[in-house]
Amino acid sequence: MRGRVIRVSGQNFLVEVDGDQIQCRMRGRLKAGARATNSPVIAGDWVELTPGDADNAMIEEVLPRKSHFTRAASGSRNYEQIIAVNIDQLAIVASVRQPALRLGFIDRAITTALRGHLAPIIVINKIDLDCNIAISERVECYQALKYALFFTSATSGMGIEGFAATLENKVTAFIGQSGVGKSSLLNCIEPGLGLKTQEIMSRHDRGRHTTTAVQLFPLERGGYVADTPGIKELHLCGIYRHDLVEYFAEMAPFAENCHFRNCSHINEPDCAVREAFNQGLIAATRYASYLHIMEGLDRA
Ligand code: GDP
Ligand code: ZN
């Protein structure tokens with residue numbers, strides 16, 4: 001039998017097989033060689049199972065993963081914690097107000113998404129509070145980059161249908177500052193869904209180890225949404241300073257023409273990226289995000 005792991009809770013796994021949910025354990029040998037802090041089986045994994053007693057099946061094998069959503073584990077900067085795997089896309093939710101729009105957060109989230117091979121989807125919520133042209137100007141850089149961009153209101157329902165359609169038959173993780181309207185959006189898409197994910201999140205806000213109960217919630221119209229407990233801040237890891245520019249698609253092509261091969265595009269002479277920025281070819285907010293993310297990366 002083959003199934004998709006939808007919840008990991010200690011040594012217990014909930015696996016969906018042809019629409020049925022089965023409680024599973026895993027073969028001890030799967031633990032061999034794995035890093036102690038990360039479970040060898042992660043929410044989102046496709047696994048091979050053998051039926052066991054009662055409704056307790058056994059995970060025999062984990063199939064290769066096509067994407068991974070990670071974060072730096074709290075405490076140690078260089079250890080990467082896998083939160084979920086085989087996620088197709090990352091819905092990056094922000095609001096025009098309450099809390100104020102922070103493009104720095106969006107850019108950081110985009111970088112995280114690209115690094116894990118997830119497609120970024122940008123959702124600007126609460127447009128009922130402010131549908132000023134200035135807002136669309138601030139985010140038009142994302143349109144230029146061809147990332148999916150939605151303007152929504154969970155209160156009025158505006159833009160929800162288009163956003164909901166992009167979730168169909170995809171596995172989508174949500175990220176966004178607290179209060180931007182993630183739960184409200186999920187409730188709009190499917191009544192009760194926001195509540196279910198929120199329960200899990202609040203349980204995990206109290207601390208504890210965050211890999212223990214990531215969950216994928218099946219959508220009625222096909223696909224899953226994944227909660228991302230404990231992700232409030234994105235600490236980028238596994239990106240070398242020199243490689244950061246690759247995650248900024250509008251800057252990367254210029255980087256090839258920099259005088260120094262290891263140019264960081266901050267203050268070196270004959271930097272083609274800075275030159276492009278000075279000519280207005282790169283959005284100021286994007287370059288600012290680049291500098292800000294760079295500051296936080298380890299020197300290497
Ligand atoms: P979360 O922390 O991201 O899950 O945010 P919530 O869904 O809990 O929403 C936070 C607050 O914003 C709640 O008071 C919601 O009623 C409100 N809210 C959510 N979406 C909208 C929206 O589109 N417009 C307005 N005006 N308020 C919203
Ligand atoms: Zn440069």
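The values are calculated or read from the model by the stated rules, or taken from the named source; none is laboratory data. Since this is a predicted model, take the numbers as computed values, not measurements. All Cβ positions, even for glycine, are placed from backbone atoms using ideal geometry, and neighbour counts span all protein chains on display. Side chains included, ligands, DNA and RNA excluded: accessible areas come from the protein's heavy atoms. Shrake-Rupley method; radii C 1.70, N 1.55, O 1.52, S 1.80 Å.
Within the chain, DSSP assigns beta bridges of which about 55% are antiparallel (rounded to the nearest 5). Pick from V15, V62, V123: which residue has the top mean-square fluctuation in a GNM of the chain where Cα pairs under 10 Å get a spring? Taking springs between Cα atoms under 10 Å, the residue moving most is V62.
Put simply, when 102-109, 142-149 are sorted by average Cβ atoms within 10 angstrom per residue, most first, you get 102-109, 142-149. With a 10 Å cut-off between alpha carbons and a GNM built on the chain, which of C24, C141, C131 moves the most? Of the options given, C131 has the highest mean-square fluctuation. A simple count of charges around P120, restricted to other residues whose Cβ falls under 12 Å of its Cβ and scoring Lys, Arg +1 and Asp, Glu -1, yields +1. Annotation: peptides 256-264, 174-182, ranked by per-residue average of other Cβ atoms within 10 Å with the highest first, follow the order 174-182, 256-264.
Inverting the mean 1/r over all pairs of different Cα atoms, compute the Kirkwood radius of segment 241-295 and quote it in Å.
10.9 Å
The mean accessible area for residues of segment 241-295, using a 1.4 Å probe and ignoring ligands and nucleic acids, is 56 Å² per residue. Test of understanding: in a Gaussian network model of the chain with alpha carbons linked when under 10 Å, which of I266, I82, I92 would top the mean-square fluctuation ranking? Largest GNM mean-square fluctuation: I266.
At a 1.4 Å probe, what is the % contribution of carbon and sulfur to the accessible area of the chain?
49 percent
With a cut-off of 11 Å between beta carbons, the residues surrounding V93 carry a summed charge of +2, where Lys and Arg count +1 and Asp and Glu -1.
The helix-based estimate of mean residue ellipticity at 222 nm for the chain, built from -39,500 (n - 2.57) per DSSP H run of four or more residues and divided by its residue count, is -7500 deg cm²/dmol to the nearest 500.
Here segment 2-65 has an Rg and Dmax of 10.7, 32 Å, counting Cα atoms alone. Straight Cα distances below 17 angstrom link K170 to the aspartates and glutamates E16, D18, D45, D88, E161, E190, E220, D227, with same-chain residues fewer than 8 positions distant left out. Placing one equal scatterer on every Cα of the chain and applying the Debye formula, the log10 ratio I(q)/I(0) at q = 0.10, 0.15 Å⁻¹ is -0.59, -1.19. Between the amide H of N125 and those of A94, S95, V96, T152, distances stay under 5 Å, these residues lying 5 or more places away or on another chain, with hydrogens modeled in the peptide plane.
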